1. Determine, yes or no, whether I144 is touching a helix residue (DSSP H, G or I) at 6+ places or on another chain (Cβ under 9 Å) and touching a residue at least 24 places away in the same chain (Cβ under 8 Å).
2. Can you tell me which residue in the range 99-140 is farthest from S64 (Cα to Cα), limited to those that are free of Cβ contacts under 8 Å to residues at least 40 places away in the same chain and among the small types (G, A, S)?
3. Mind counting the residues in the range 237-254 that are assigned to a strand (DSSP E or B) and more than 15 Å from I164 (Cβ to Cβ)?
4. Out of P215, P284, I need the residue that is surrounded by fewer than 20 Cβ atoms within 10 Å (Cβ to Cβ), touching a residue at least 40 places away in the same chain (Cβ under 8 Å) and outside any helix (DSSP H, G or I). Which one?
5. State whether one or more residues within the range 146-156 are among the hydrophobic types (A, V, I, L, M, F, W, C), modelled with pLDDT of 85 or more and over 21 Å from F267 (Cβ atoms).
6. Among the candidates G175, G94, G111, G167, which residue alone is assigned to a strand (DSSP E or B) and at pLDDT below 85?
Amino acid sequence: MVCMRLASKFVRVVLGIKFIFVFGATAQTLQVRPLIDEVVKSGRPFVLNGRPSNPADYPVTFLSGALPKEMCTWFLAGGRVLLGAAHCLHGEHGETYAQIEFKSHGQTYTGVCEASAGWPKDMSQDWAACRISPAYVIETSPDIPVSGFEVIASAAVVLDQQKIEIGGFGCTTPGGPLSIDYNVGIARVSGVPPEVHVSGTVGGTPNAIAFRRAPALTCAGDSGGPAYFYQKSGRVFRVVVGVNSSVVQDAGVGYLASASTEANRQFLRKWSASVGEPICGIDPAAKGCRPFLK
């Protein structure tokens, strides 16, 4: 099922619906798979606007959900820090779950997740953080161009009309069918916090970044996928500027939950302090981070 909210004559699509819930005190576990394992199993490469791309460019990216419509994207921003979208922890009818599990290189990782307390009252606070155990050990090999956990852009680096990279398990073409493969593409920022109002919502959405199809666009299945700003030419220095949250496909506009607002910093810092885990880009004590320009 795809959760849709009417937005005047448009439809705003919340990008991910999950199917494993917590009822009362009985917690069940969301199963997550390493992205590269899915690519190997399917025999299909990553694509960048339809062109083959290297799956090893995203060594700490994962997906949840067994079917395309149920998929969400998650990524590591520290040895025990798995980040994604808050709405991926909630069912369409208000069900909630908070445990997560995945296997990578023969090791099983489990964790407990927390969504931003400001969501869903403020739909632009669409952030979730999970503490996993044991600490994830990053694979290093000649096939992985850059090893390291993704870095949160805690400073405001996104400007209007700036190009960013979006990714996830949704459309390969705007409005097109869902994909079982991770796809990335280029979009252009069309509005920055706090001016952006997410279509179809009531109340303010001061943490939203709007982007327009240029040429890529997200759709159902892309939730939680990191949006990157590349600080230099090439694919080495990048920071996460937000996570995929929703889209108005008819208008060709998508929305990110920003990673650079004060509300996001407060959420991540409070969560980090409560679980005792540093986050790349938020805490200088974080180890194993991707290279980035400070």
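1. It is true that I144 is touching a helix residue (DSSP H, G or I) at 6+ places or on another chain (Cβ under 9 Å) and touching a residue at least 24 places away in the same chain (Cβ under 8 Å).
2. The qualifying residue farthest from S64 (Cα to Cα) is G106.
3. Result for the range 237-254: 2.
4. Testing whether each residue is surrounded by fewer than 20 Cβ atoms within 10 Å (Cβ to Cβ), touching a residue at least 40 places away in the same chain (Cβ under 8 Å) and outside any helix (DSSP H, G or I) leaves just P215.
5. Yes, that holds for at least one residue.
6. On the way: G175 fails: assigned to a strand (DSSP E or B); G94 fails: assigned to a strand (DSSP E or B); G111 fails: at pLDDT below 85.
That would be G167, the only listed residue that is assigned to a strand (DSSP E or B) and at pLDDT below 85.
Yes or no, residue by residue, for (1) out of contact with any strand residue (DSSP E or B) (no Cβ under 8 Å at 6 or more places or on another chain); (2) over 22 Å from V81 (Cα atoms); (3) small (G, A, S); (4) touching a residue at least 60 places away in the same chain (Cβ under 8 Å):
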residue	(1), (2), (3), (4)
E195	yes, yes, no, no
G203	yes, yes, yes, yes
A251	no, yes, yes, yes
C280	no, no, no, yes
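Each row is one residue, and each column tells you yes or no for (1) of a type in the set (D, E, K, R); (2) closer than 17 Å to V157 by Cα; (3) under 18 Å from the mean Cα position of the chain (by Cα).
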| site | (1), (2), (3) |
| --- | --- |
| Q231 | no, yes, no |
| V236 | no, yes, no |
| A259 | no, yes, yes |
| A273 | no, no, no |
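The values are calculated or read from the model by the stated rules, or taken from the named source; none is laboratory data. None of these values were measured; they are calculated from a predicted model. In this analysis, Cβ positions are derived from the backbone assuming ideal geometry, glycine residues included, and neighbour counts consider all displayed protein chains.
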